[in-house]
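Asker: Handing you a structure now.
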Amino acid sequence: MNAEMRRRDWIKLSGLATGALATNSLFSDENRKGGKSPRQGVSHQEDEILFEQKLSVRYNVDVFIAGGGPAGVAAAFAARTQGASVFLAEGHTCLGGMGTAGRVPVFMQVSDGVHLLCDGFGRRVLELLQKEKNMKGPGTDIEALKRTYDSLLSEVDANFTFYTQLIAVQVSKGHLDYVVCASPSGNFAVRANVYIDATGNGDLATWSGAEYQKGDSAGIMMPGTLCSLWGGIDWDKWRKVRPDIHQPEGYRLKEAFAAGVFTIQDEHLTGMHPLGDSFAGGNIGHTFSVDGTDERSLTKALLWGRKSMKEYARYYREYIDGFQNAQLLDTGSLLGIRETRRIIGDHVLSIDEYKKRAIFDDEIGRYSYPIDIHPMRTGADTYKQHRKEFDQKYKYNKGESYGIPYRTLTPKGFENLLVAGRCISSDHLVHGSVRVMPACFITGQAAGIAAVLAAKSDRSVHDIPVDELQMKLKKFGAFLPNYKG
């Protein structure tokens, strides 16, 4: 569509219209599977206003993607390789989400010890990152990762903008008609044949009316972490006395607790990851009871996260060899959120299937990260339970993995909506595995290619030929050992 046609294409937005225009205030905390879910300590009372605005349709595309984290970038890249027009809206200032703006310092496992499970888009990221990175060590060079994502989307000429927030969606009988975005230049609409929710929180799907679950059976979610960058570390000195993670007394936390170093006695010290000669990426501390779908809860958690870094600075300097001169340099501009909504799809990936190393006819990838549920409250007993689950109960042997079916990407009741990333359809336990970056590459690239198949054939996302999706994924480079086509 040319520019003149776009200027004449308008939509009237009404914030409290009688149709199905959903905004983030209308669906902010309903649990569509099991009634209301508490806001974890947040109470409020809101009036209503009628808000109307005439908006231009700035983009008419095959595929719209909400969110530029690892799943969204993978979806945009994969869709473009199939010849589709795309527009990706990213609210922050960089691609990558938690892995960049959130400063998550490492990728979780990318392989099963034999195979690169996130092959396809993941291989492209890892290879380009190796060329881009300037700093040695297992920690992620965050700036290099930002450039890597920038380069990959630029390589395929994918259309995306930063500072662009999804704020509403219009739905008619299970069909998404358009979305509304807010940007510094004003609000605008986007029309697409297929929409992909890669927001992490499942915002697009939830505001459309999709069913979802949050947290465990009581609605309690994993804590967040404000990740950080540190300098002044003597890694050689630390390696000489490196404590065993299975022997936490080596980290002297109990001594620090007894000395009153910490306001909250958090037994789970995920730790520092070496970066360069004297730097570290810190994945330390927890923001308990945070609800990543509520800005008030997020604000409170960020305030505590930044304040708590002073306590961790004292702890590392006084109790850990090699950290006597450690200095906090930076904290993430996004809070690291591990868990919010899980959209209910045509199939809910279960812990029983995880334990069986399940194989599915509609498999779009395989993964093998252990069940990593960070303790939702403090205490040595909860930490011991976490270590037992992560290191023993749910840990796979070399070469083992579980399948991820396409049906986990297709929300019930919507013909042109897909989800990708940590909001896919799984139970609470499996979410603890599938929520991390390599798995987001797997589901993102599958959603991108599936969206193109649906858009080009004018089919529902539920009705695309799965064997054709698998064939295209295989050609793209995805790891699909059970596809025999």
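Asker: Which condition breaks for A210 when tested against (1) of a type outside the set (F, W, Y); (2) open to solvent by 20 Å² or more (accessible area, probe 1.4 Å); (3) modelled with pLDDT of 95 or more?
Answerer: Unmet for A210, out of (1) of a type outside the set (F, W, Y); (2) open to solvent by 20 Å² or more (accessible area, probe 1.4 Å); (3) modelled with pLDDT of 95 or more: (2).
Asker: Restricting to region 220-259, name every residue that is farther than 13 Å from M272 by Cα, at pLDDT 95 or above, open to solvent by less than 80 Å² (accessible area, probe 1.4 Å) and part of a helix (DSSP H, G or I).
Answerer: A256, F257
Asker: Considering region 275-287 alone, what residues qualify as being out of contact with any helix residue (DSSP H, G or I) (no Cβ under 8 Å at 6 or more places or on another chain) and surrounded by fewer than 19 Cβ atoms within 10 Å (Cβ to Cβ)?
Answerer: Result: G276, single match.
Asker: Scan region 252-285 residue by residue and report those that are within 20 Å of I373 (Cα to Cα) and of a type in the set (G, A, S).
Answerer: Of everything in region 252-285, those that are within 20 Å of I373 (Cα to Cα) and of a type in the set (G, A, S) turn out to be G271, G282, G285.
Asker: Return the residues of region 459-479 that are assigned to a loop (DSSP other than H, G, I, E, B) and either surrounded by 15 or more Cβ atoms within 10 Å (Cβ to Cβ) or in contact (Cβ under 8 Å) with a residue 24 or more places away in the chain (or both); say none if nothing qualifies. Spell out how you get there, then give the answer.
Answerer: Of all residues in region 459-479, those assigned to a loop (DSSP other than H, G, I, E, B) come to 459-465, 477-479.
Listed by number, the residues that qualify are R459, S460, V461, H462, I464, G477, A478, F479.
Asker: For region 185-206, name all the residues that are more than 18 Å from the chain's Cα centre (by Cα), closer than 12 Å to A168 by Cβ and either in a helix (DSSP H, G or I) or of a type in the set (A, V, I, L, M) (or both).
Answerer: Taking region 185-206 and keeping what is more than 18 Å from the chain's Cα centre (by Cα), we get 185-194.
With closer than 12 Å to A168 by Cβ added as a condition, the list becomes 187-190.
Within region 185-206, A189, V190 meet the criteria.
Asker: Out of curiosity, is I424 hydrophobic (A, V, I, L, M, F, W, C), within 23 Å of G99 (Cβ to Cβ), open to solvent by less than 10 Å² (accessible area, probe 1.4 Å) and over 16 Å from the mean Cα position of the chain (by Cα)? Give the derivation first.
Answerer: Working: hydrophobic (A, V, I, L, M, F, W, C): yes; within 23 Å of G99 (Cβ to Cβ): yes; open to solvent by less than 10 Å² (accessible area, probe 1.4 Å): yes; over 16 Å from the mean Cα position of the chain (by Cα): no.
Here the answer is no, as I424 does not meet what is asked.
Asker: Tell me, which residue of region 142-175 that is in contact with an Asp or Glu (Cβ under 6 Å, 6 or more places away or on another chain), part of a helix (DSSP H, G or I) and not polar (S, T, N, Q) is most open to solvent (accessible area, probe 1.4 Å)?
Answerer: Across region 142-175, the extreme among qualifying residues is R147.
Asker: Would you pick out the residues in region 156-184 that are without any contact (Cβ under 8 Å) to a residue 60 or more places away in the chain and more than 23 Å from the chain's Cα centre (by Cα)?
Answerer: Start the filter on region 156-184 by keeping residues that are without any contact (Cβ under 8 Å) to a residue 60 or more places away in the chain, which leaves 173, 177, 182-184.
Once the filter is applied, which keeps residues that are without any contact (Cβ under 8 Å) to a residue 60 or more places away in the chain and more than 23 Å from the chain's Cα centre (by Cα), region 156-184 yields K173, D177, P184.
Asker: For region 112-141, which residues satisfy the criterion of being among the acidic types (D, E) and open to solvent by less than 40 Å² (accessible area, probe 1.4 Å)?
Answerer: The answer is D112, D119, D141.
The values are calculated or read from the model by the stated rules, or taken from the named source; none is laboratory data. Note that this is a predicted model, so its numbers are computed, not measured. Every residue, glycine among them, receives a Cβ derived from its backbone with ideal geometry; neighbour counts consider all protein chains shown. The accessibility values were calculated without ligands, DNA or RNA, using every heavy atom of the protein model including side chains. Shrake-Rupley method; radii C 1.70, N 1.55, O 1.52, S 1.80 Å.
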